[in-house]
Every structure is written in C-alpha cells, then in structure tokens.
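What follows is one structure encoded as structure tokens, with my remarks underneath.
The values are calculated or read from the model by the stated rules, or taken from the named source; none is laboratory data. Fair warning: this is a prediction, and the values are worked out from it, not measured in the lab. Note: ideal-geometry Cβ built from the backbone for every residue, glycine included; neighbour counts use all protein chains shown. These accessible areas exclude ligands, DNA and RNA; they are computed on the full protein's heavy atoms, side chains included. Shrake-Rupley method; radii C 1.70, N 1.55, O 1.52, S 1.80 Å.
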Amino acid sequence: MTFEELTTYLTEKFGDKLELLETGKFEPFFLIKKENLVEICEAVKTDDKLLIDFLCNIGAIDTGEKFEIVYNLASIKKNIRFDLKLVMEYEGAEVDSVQEVWPCSNWYEREMWELYGINIKNHDNLTRFLLPDEWDQGHPMLKNWDAPDFKRMPEVE
Amino acid sequence: MTEGLRTEEFQVNMGPHHPSTHGVCRFILTMDGEVIVRAEPVIGYLHRSLEKICENRTYAQCIPVMDRFEYCTSMCCNEVFALAVEKLAGIEVPEYAEYLRVIMMELNRIASHMIWYGTTALDLGAITPFLYSFREREDILDMFEMTCGQRLTYNYIRIGGVSKDIPPEFIPKCKEFLATIDHKIDDYERMLTENPIFMVRNKGVGTLSPEMAIAYGVSGPSLRASGIKYDLRRDDPYSIYNRFKFDIPVCHNGDCYDRYIIRIKEMRESAKIVRQALEQLPNAEVNTGKMVKANFKPAKGEVYSRIENSRGEMGVYIQSTGDTKKPLRVKMRGGSYNQLQVMPELVKGVKIADVVAIMASLDIIMPEVDR
Amino acid sequence: MELIGIFKYLYEQLVATGIPQVWVDLISLVASAVIIFGVLALIALFLVWWERKLSADFQQRMGPMLTGWHGLIQTVADAIKLIQKEDITPTKADRPVFFWAPIICFVAAFAVYVTVPFGEGLIVSDLNIGILYIVAITTFTVISLLMAGWGSNNKYALLGGMRSAAQVVSYEVPMIVAILSVIVFVGSLSMVDIVESQALIYQWYIFRMPFGPIAFVIFIIAATAETNRTPFDLPEAEQELVAGFNIEYSGMKFAMFFLAEFINMFTVSAIGATLFLGGWQGPFLPSWVWFLVKTFGLVFVFMWFRWTYPRLRVDQLMEFSWKFLLPLAFANLILAGWMKYSGWFNW
C-alpha cells in the first residue's frame, strides 16, 4: 500500500477517531485520542488488510508543554508501516497498556513510566527498570529535570 | 510417592558481573536444582541516558553519541540516525557516499557476526573459535581504521554523506579480504556446524515460535530463524540496498542451532553485497557529500527510520520542532531490547547451561538494551 | 642410563653405613616420596606451560613468550605470584571444610603415585592391588570438590560441587569396568604385572582386537570426565558457574586445586599408558623415557580435546554415561572375559 492508499483506508475505516498529522514525513502519522487507543490497536491488528503484528517502538516525548506518546507500528505480513500519536496534559498523565495486543509493549511502557512519570493502566509490572533501585530524583527525561551534577552542553553558534 | 518429596527452590544471581552475559546484565534465576523455574532480567547497569544526551546536542553532535548506542555495529547506528535526519531535512546523499555507506555497514555486520560467533562458541565452552573469528575481525577493523581512524566507534557516516573518502589502499585490502572470507567462514563452520556436541547443545534448545517472535518484537536473524522471511534491506529498502542481489537466509525451527546457521549464512551474503558494491562503485565522481553545519535546523516534523542491523531492527525516532538546532526527542530502538524481553519466556524449564546458550544465540548486547 | 641403578647404589651405600634396617627403609621411603613430589611438581609446572603453548598453537597465538625461553618459567612466576597473594576465607564459609578441601585434593593427587611404575623397577611400592588402590585414591578428588563446593557457602560453588559429584560418580563406573576388562586378561591387579604382560607391541592391550580399542576409548572418555576437562568440564564451567567449586579460593589454595588438576590429568594418562600402551615397555630407550613419552602423548590428547570441543550439558553428560558408555563397557567386559576363557586370542 502506498502512503495515500493507506491514509485513505485508515481514515475511511476509523473516521474521526484518527486525525492525519502534517508533521509525519514518510509514513502516515495519526493523532488519536487515548480512550480509543486499545480499541484502535486491536482493530489494526486484526484487520485483514493491515495485520499490524509488529510493534516497532513506543516513545514518550516531553514537548515542554505536553506529553506525547508515539507508537511506531509495522506489519510484517503486509509490509506496512504507520505511526499513532497520543497527546496528553502533564496533570494525571495516564495511558492504557497495549500489552494485550502486543506483548513487547511491556518494557517500553515500563520505561515510559519510569523516565517520564506517565502512569500505565493495566500494566502488570511497574517496577524500577533502567534507573537504580534507590532512585529518588524524579523522572529524568522531563525537559525541566536537572540533577545537581547534570551539565548541559555549551551552546554552539 | 513423589508427594512426600519436596525440593527447595533457590535463587541464583547471574550477573551483573558474569562472564557470559555480554555486558552487564543480571538475571535473577529461580532454580529447582539445575532447572530454571523463573528468570527475571534486571537491566540498567549500562544506562548512559543517551537519549537525554542527544536532546542536549545539535544534530551533528548526536552522531558520536549514536556510536555508543550499539558499539558492535557503530556504522549502522550512524546510518540510522543520519537517515532519519536526512528524511526530516530532505537531504540528498550522493551516490558515491551511499556506496561507501553500504560497504561499511556490511563489513560492520560481518564484524559483528564474528563477535557473535566467537562469543557463542565461548559460551558453550569452546575457546578456540573465538580467536579464529577475531583474527578476521581484525582485518575489518584495520580497514575501518585506515578509513576513519577509529576501530570501534567510527563516527564515519554523517548527516549528508560520509566523513571522508576511503584511502587508496582500502580497495585492494578489501578485495583481498573478500577473496578469503568464504574460505575462512568454511573454517568456522568446520569447527562448530557439524560438531556433535555443539549440535546436541543447540538443537531444540530455546525454540522461538514465529508467533511468539513477532508478538515480542524479535527481529533480524532471530526472527528469520523462526521461519519468517523479513529483512528490512529487502522489505523496506533504505539507502541503495535495492541495487544488490542477495539472498535472505531463512530457517524454520527457531532454535539456537537455526539462529547459528542463519548468522553464518548472513556473513556470506554480506560479503556478496560488499563485492557487488565494490564493483558498482562509481569511480568517475568522488563525492562524499556535504556535511551539515552546527547551526543546521531541519524542518518541523517527526520521523521513525529503521534499518536492518546485525541484531535486528534498529530504529530511531526523531522529533524536530523546526526552530532549534537540537532534536526535541531522540528515541532509540535496538533489536536486543526485544530479544532480552523474550528471554524469560524461552528459559522457563531449561537448564542453567541453556540460559547461556540461548542468550548467546539471540546475540544480545547490553548497551543497546540500556542505552 | 638406568635410573634404577643409581637408586640401588644409593640404597647399598645406606645399608653399608650400618644403621638399623628400619631406619634404612624409612629414609629410602621418605627420599622416594620427596623425589616423587619434586618430579611431579616439575611435571605439573611443565604441563601448565605446555597447555598454554599448545592452546596458543591451536589458536594461532604465541602464548607466553617473555618470561624465560618461550615463556618457560612463566608458570614459576605465576606460582610465586599465587603464593604472595592474600589467602581469603569468606566470613560465612564452613572454615574447616573450606580449609581441608584443597589439601585433600592435593594430597590425593600425589598419593596415587605410590603404585605408578615410572619405569622398570621405578616404583615406590608394587602393591598387589595397585590398580584398585589408584582407583580408590583418585575418588578422593570428588570428596574434596564436594567439600570445596559446600564449604565456600556460595551457590555457584555448590552447584559446581554437586555437578562434579554426579559426574565423577557416573563416569567412575564405566572407567572401572573398562579397567576390569584389562584386568580380566592380566589376571592380576599389580601394575608391574600389567606392564609385564604386554612386553611386545602386539601384546599392548590397545591392540588386542576387538575388546582392547573399545576399552581404551571408554577409558579415555571416562578419564576426561574424571579430570573435569572439556568437554566434561561442567564443575568449573566458567560461562555458567563463573568458576564452579573453586570460585571462593584464592592464593595458594587455588594453586593447589590448579596443580592437582594437572597432576590428575597426568595420573589418568599414566594409568592409560600403563594399562593400554605397554607402560615402560619399548626398545632402545630407557624404560622411564618410554613411559614419559606415552604418558605425555595421552596428555596431549586430553589437551587437544580441551581446545577443540564445546561443553556438554549436565543432563546430556549423565545420559551419555549411563545409557551409552556403561552398557558398552559391560558388553566389552563380557567380550574380554569370553576371549580370555576361550583362549583363542591369547597371544
């Protein structure tokens, strides 16, 4: 499927649950609402024309104003790739786990929980992961996080 | 009768400093005698927060950081980041530089598989193969050294091209290497492939079904060993891979032995690609591309680029706001991350010796997991 | 030059001094013990060096080159280093057990040589149960490994000790049966009798078709397992158990385990040479040279195994012993008995 075919197919199938983003450069990038996340994920996984079986990556982003979460999805059988994005406020940031759909999301979500402080609903193992067990200095990937010994690179002109 | 008998489970801490965890990975193994009941990987010992570091650097400064992401195949790490930024900014890479990139990446893949071959044999108790494979890896590293001055973290593939042209002695050296590599791989195979002890240690051990492999995001050679013919070089071609003819080896059992066979075959295929690339290398124009400046700002946008690394799909997600010199977010994805995640499922009920064999065959390397 | 002549001469000198016979015997025994100890310590040091050089050859390296001619005194330097090292005992270790394990291992390794014939007449004591004595003493090693594993209070060490107990016990059986098939033919347990029964090369038990070669192969396989060497080096599988039973040992205690391992390898090679390759028998050269040549030849085979093969898994190891090696060894024993009884092959 080409970019256009995929975009048309997805927008027809999900209607206003998806919103195509301009920022996506090479693969379709869709903004979705977080209450639709698990539903859409299950749908794209089971859809005969999509069969999105492979979760490439989940990454959280702190834009300085909001949290974004990006799901990079791929289909091995159909050779398709597109991305989904969620946007949410800092306050009470929470997202459903998609590990029922793709088990490998477990670690990505755990990492997100630890480094960004985004709560994951229905996750079976939210424990310390990359950081030391006794870590108490907050969520280091946040833009406003500064550790006492954290040196920023000098600005280049 | 057996009801009266009860064996006590005990916990063994495998790692973080353990000879065969390929970096500093720790497994908390709950064992019943020699049999694993549960395994819980504990990671983070190599966490250097590369993603956060990248957020505080300009795009060009991120390339050396990417080197450290997966130091066995630094060329591929450079490439995946450069590819993503080139997509974002719409930079065209000259053909000559693309060929150099492919040659370097494929040589690097061979070198990485040689590390894997040596450590696999080492983990199974055979020490000699390790030194054989490192002998040939040395030749590859010499070639890299004469090209970019580095032996491990190359910083060679840059945004917009490659850092410098290959020296004149590179091509004869590379041709000499390619002339003997098949014979050397035959040597490797003679040491392990048909060895009965190696076979009983690997056949039927750590069987990964295709469904489970996909569900856990296992990619690369480990996925192909489970019978799924999926290689990003063919299925989602990046750079100029669609110009080369090469086979994608596939096996069907998904056990450690198949993962071994796949990687051995892949070394030969990579050599094939390098041979073709050297033949097709355009001699007329030597254009290694124009490097980006420090104040380079790609347009607003986000991209997830992925390439086929020796350990599976390596991806990097970059978001650029368009008005700063620094990426807003760089998220790295390495193949080992998912392969380590599937380990607890694979090692249930096997012996402690198999844990080592399975981990070696999945070719897990810790810097890629911890970042 | 026959070494035995020198011994006889010294013995006569001792008798000629006129001291009581008890003292003469005591002095000669102590002297032979010291000589054996010295010779074996030298052999062990040499074997460590030889293994390094051999492995380097197999792996296209140089091996030790700097200390002495081709690194010949590298092992001595290492031994001095180990002696100087701090001797650490873990706080939670079972102290007496931890302390005695390397000593038992070391002593057992040397005690075997009471009945090993180094050459014609070059034997400390020709016991009439010589081979039985050797088999009994070598089994002490497993006790010491178990003690080391238990006494260290370390899970890896314990796993290593358990593995070695299981392994040595299961490979002891086929090895003894293989030895028995030779003894059936000789009709004596004395080492000297065994050697003397194979005076000519076609009488060597390895050439006694068809039982000899089979018994020899069984013996070699079981001996590799007995000495904990690759492909049966599970007790100290460093990739799985880090270092196995000797993980907590340092300094001289570690050196004792290390040297004992090499002496054990020499022991099983010596037994193999005596039982199957005619011991000291051979033309032209002095008998002790023949013995050393054959023994080092077998040592080379063990080293060759080590630098070629991967390691088996513990359950495969057990299966191989009980399901294949042991039945084969028994069948071979019956074959040997039948050959002896029928008398057809008694050349």
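Once label points are set 7 Å from the Cα along Cα→Cβ at both C:M65 and C:N153, what is their separation, rounded to one decimal in nm?
Distance between label points: 4.7 nm.
Under 22 Å from the Cα of C:K81, which lysines turn up, not counting those fewer than eight places away in the same chain?
C:K53, C:K253
Sequence neighbours fewer than 8 away in the same chain don't count; with that in mind, list the lysines whose C-alpha is under 26 Å from B:K351.
B:K203, C:K155, C:K323
So how far apart, in nm, are the two label points at B:K203 and B:E176 if each is 7 Å from Cα heading toward Cβ?
In this crude label model, B:K203 to B:E176 measures out at 4.1 nm.
What does the C-alpha gyration tensor say about the overall shape of region C:81-149? Classify as rounded when a/c is under 1.5, otherwise prolate if a/b is larger than b/c, or oblate.
oblate
Could you give the dipole magnitude of chain B about its Cα centre, charging the beta-carbon of Lys and Arg +1 and that of Asp and Glu -1, in debye to the nearest 20?
Roughly 1020 debye for chain B.
Using Cα positions and a limit of under 12 Å, work out the aspartates and glutamates in reach of B:K229, with same-chain residues fewer than 8 apart set aside.
Straight-line reach from B:K229, under 12 Å: B:D247.
Between C:W100 and B:M212, what is the FRET efficiency for a Förster distance of 60 Å, r being their Cβ-Cβ separation, to the nearest 0.05?
0.75
Would you mind telling me which residue in B:K87, B:K300, B:K290 has the biggest mean-square fluctuation in a Gaussian network model of chain B, where springs connect alpha carbons within a distance under 10 angstrom?
Largest GNM mean-square fluctuation: B:K300.
Leaving out ligands, DNA and RNA, what percent of the accessible area of chain A is carbon and sulfur, probe 1.4 Å?
For chain A, the apolar C and S fraction of the accessible surface comes to 48 percent.
Top mean-square fluctuation among A:E12, A:E27, A:E111, Gaussian network model of chain A, C-alpha springs under 10 Å?
Of A:E12, A:E27, A:E111, the Gaussian network model singles out A:E12 as fluctuating most.
Provide the FRET efficiency to the nearest 0.05 for the C:Y341-C:M209 pair, computing r from the beta carbons and using R0 = 22 Å.
Step by step, r from the Cβ atoms, then E = 0.85.
What percentage of the solvent-accessible surface of region C:183-341, computed with a 1.4 Å probe over protein heavy atoms, is contributed by carbon and sulfur atoms?
Accessible surface attributable to carbon and sulfur in region C:183-341 totals 75 percent.
Within region B:186-247, report the GluC sites (Glu not before Pro) that DSSP leaves as loop and that have at most 13 other Cβ atoms within 10 Å.
Those that pass, being in a loop and sparsely packed, are B:E194.
For region C:2-63, which GluC sites (Glu not before Pro) pass both filters: DSSP loop (anything but H, G, I, E, B) and at most 10 other C-beta atoms within 10 Å?
Sparse-neighbourhood loop GluC sites (Glu not before Pro): none present.
So if R0 is 25 Å, what FRET efficiency would A:E35 and A:N125 give, r being the distance between their Cβ atoms, rounded to the nearest 0.05?
0.60
With runs of 4+ DSSP H residues as the only contributors, calculate the mean residue ellipticity of chain C at 222 nm using -39,500 (n - 2.57) per run, divided by the residue total and rounded to the nearest 500.
-22000 deg cm²/dmol
Where a ≥ b ≥ c are the square roots of the eigenvalues of the C-alpha gyration tensor, would you call region B:47-368 rounded, which needs a/c under 1.5, or, failing that, prolate if a/b is larger than b/c, or oblate?
Judged from the Cα gyration tensor, region B:47-368 comes out oblate (a/c at least 1.5, b/c at or above a/b).
Would you mind computing, in nm to one decimal, how far apart the modelled labels at C:T91 and C:F7 are, each placed 7 Å from Cα along Cα→Cβ?
5.2 nm
Express in % the proportion of alpha carbon pairs of chain C at distances exceeding 32 Å.
In whole percent, the long-distance tail amounts to 34.
Looking only at region B:172-209, which residues have a backbone nitrogen under 17 Å from a spot 7 Å from the Cα of B:D142 in the C-beta direction?
So the set is B:172-185.
For region B:3-84, which trypsin sites (Lys or Arg not before Pro) pass both filters: DSSP loop (anything but H, G, I, E, B) and at most 12 other C-beta atoms within 10 Å?
Of the trypsin sites (Lys or Arg not before Pro), the ones in loops of region B:3-84 whose Cβ has at most 12 other Cβ atoms within 10 Å are B:R6.
For chain A, the longest stretch holding no trypsin sites (Lys or Arg not before Pro) located in a DSSP loop with at most 16 other Cβ atoms within 10 Å is which?
My reading of the result: A:79-127 is the longest stretch.
Which of the helices in chain B meet the span-like rule: DSSP H, Cα axial reach of 18 Å or more, Kyte-Doolittle mean at least 0.5?
B:74-89
If each residue of separation counts as 0.36 nm, what is the full-extension length gain between B:D235 and B:F134 once their alpha-carbon separation is subtracted?
Here the segment from B:D235 to B:F134 would lengthen by 33.2 nm.
Please work out the average accessible area per residue across region A:3-93, using the 1.4 Å probe convention, and give it in Å².
Accessible area per residue: 43 Å².
Rolling a 1.4 Å sphere over the protein heavy atoms, what is the accessible area per residue of region C:90-341, to the nearest Å²?
Computed with neighbouring chains in place, this is 36 Å² per residue.
Run the numbers on region C:287-328: which residues show a drop of 30 Å² or more in accessible area, chain on its own versus all protein chains together, using a 1.4 Å probe over heavy atoms?
C:W307, C:Y309, C:P310, C:R311, C:L312, C:R313, C:V314, C:Q316
Using C-alpha positions alone, give me the convex hull volume of the protein assembly as shown per residue in cubic angstrom.
It comes to 219 Å³ per residue, whole-number rounded.
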